[in-house]
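The values are calculated or read from the model by the stated rules, or taken from the named source; none is laboratory data. Here the structure is a predicted model, which means the values were calculated and not measured. Heads up, the Cβs are rebuilt from the backbone with ideal geometry, glycines too, and the neighbour counts pull from every protein chain shown.
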Amino acid sequence: MAGRKGPLFIVSGPSGSGKSTALRRLLSQTNLPLKLAVSATTRPPRPGELDGVDYYFWSRDRFERELAKDSFLEWAEVFGNYYGTLRSEVEPAREQGQGVILEIDVNGARQVRQRCPDAVSIFLRAPSLETYKERLEARGTENEETIQRRLARIQTELQCASEYDYQVINDDLQATVDRLAEMVQQGFERRNHA
């Protein structure tokens, strides 16, 4: 097993799919060497978010300097803010045999699949558009105009689901976490038998 790269998992899904909640629970329940890559963003922190835990909250200047150095495995500009996954969050961990999860959007996932064809991609979705609307409203962090813009983006992202290795409907959190755990376990097993 020594010298084998850790598996790479891409988890995407529209805003309100429950990605963060499911991944937090997965990480708290697994005994596999697994980490969630922390992305960098230029958007301001939401209440309760911590720099270096939820995101690296950077200025546009810093993000653009790192872009110029090719420091990102993937990046995008979404709703006027940059988001990206630093190579330094992924490559060193994988070289040590650790599995890495990327919680990224569909465009970022395309970039990563091109650069890392061994990545296992998982699309997480809510059971219905109405569920997305309810979850976005329940957050209480966005106004109606922003929610409508997000709902339009959700419909576009849902059309990309077929590009992924797996699709999981998140209608029961523990069942979703169990399914993700199976996929992660399989990713480690495939790596061990490669």
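Per-structure values
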item: Yes/no for VAL184 being within 29 Å of PHE63 (Cα to Cα), in contact (Cβ under 8 Å) with a residue 60 or more places away in the chain and β-branched (Val, Ile, Thr); result: no
item: Of all residues in segment 9-36 being closer than 24 Å to LEU129 by Cβ and among the polar types (S, T, N, Q), the one that is surrounded by the fewest Cβ atoms within 10 Å (Cβ to Cβ); result: SER20
item: Counted residues, segment 51-110 - those being outside any loop (DSSP other than H, G, I, E, B), free of Cβ contacts under 8 Å to residues at least 60 places away in the same chain and of a type outside the set (A, V, I, L, M); result: 27
item: Filter result (in contact with a strand residue (DSSP E or B) (Cβ under 6 Å, 6 or more places away or on another chain) and among the hydroxyl-bearing types (Ser, Thr, Tyr)) within segment 98-152; result: SER121
item: Residue ID - nearest to ALA161 (Cα to Cα), chosen from residues in segment 4-46 that are free of Cβ contacts under 8 Å to residues at least 60 places away in the same chain and part of a loop (DSSP other than H, G, I, E, B); result: VAL38
item: Failed item, numbered, when THR131 is tested on (1) within 21 Å of ALA181 (Cα to Cα); (2) in contact with a Gly (Cβ under 8 Å, 6 or more places away or on another chain); (3) not basic (Lys, Arg); result: (1)
item: Segment 116-130 residues that are touching a residue at least 60 places away in the same chain (Cβ under 8 Å), paired with ones that are loosely packed, with under 11 Cβ neighbours inside 10 Å and not in a loop (DSSP other than H, G, I, E, B) (beta carbon under 9 Å, 6 or more apart); result: PHE123/SER162
item: Residue within segment 51-70 that is polar (S, T, N, Q) and either under 28 Å from ASP171 (Cα atoms) or surrounded by 16 or more Cβ atoms within 10 Å (Cβ to Cβ) (or both) present; result: no
item: Residues of segment 160-190 classified as within 25 Å of ARG110 (Cβ to Cβ) and part of a helix (DSSP H, G or I), total; result: 13
item: Pairs with Cβ under 9 Å, 6+ apart, first in segment 140-158 and over 23 Å from ILE122 (Cβ atoms), second in a helix (DSSP H, G or I) and among the aliphatic types (A, V, I, L, M); result: GLU142/LEU136; THR146/LEU136; ILE147/LEU136
item: Segment 44-82 - residue that is modelled with pLDDT under 95 and in contact with a Gly (Cβ under 9 Å, 6 or more places away or on another chain) and, of those, farthest from GLU145 (Cα to Cα); result: ASP54
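For (1) β-branched (Val, Ile, Thr); (2) at pLDDT 95 or above; (3) within 17 Å of THR21 (Cα to Cα); (4) surrounded by 20 or more Cβ atoms within 10 Å (Cβ to Cβ), each residue gets a yes or a no:
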| residue | (1), (2), (3), (4) |
| --- | --- |
| THR85 | yes, yes, no, yes |
| GLU91 | no, yes, no, no |
| ARG125 | no, yes, yes, yes |
| THR131 | yes, no, yes, no |
| ARG135 | no, no, yes, no |
| LEU151 | no, no, no, no |
| ALA161 | no, yes, no, no |
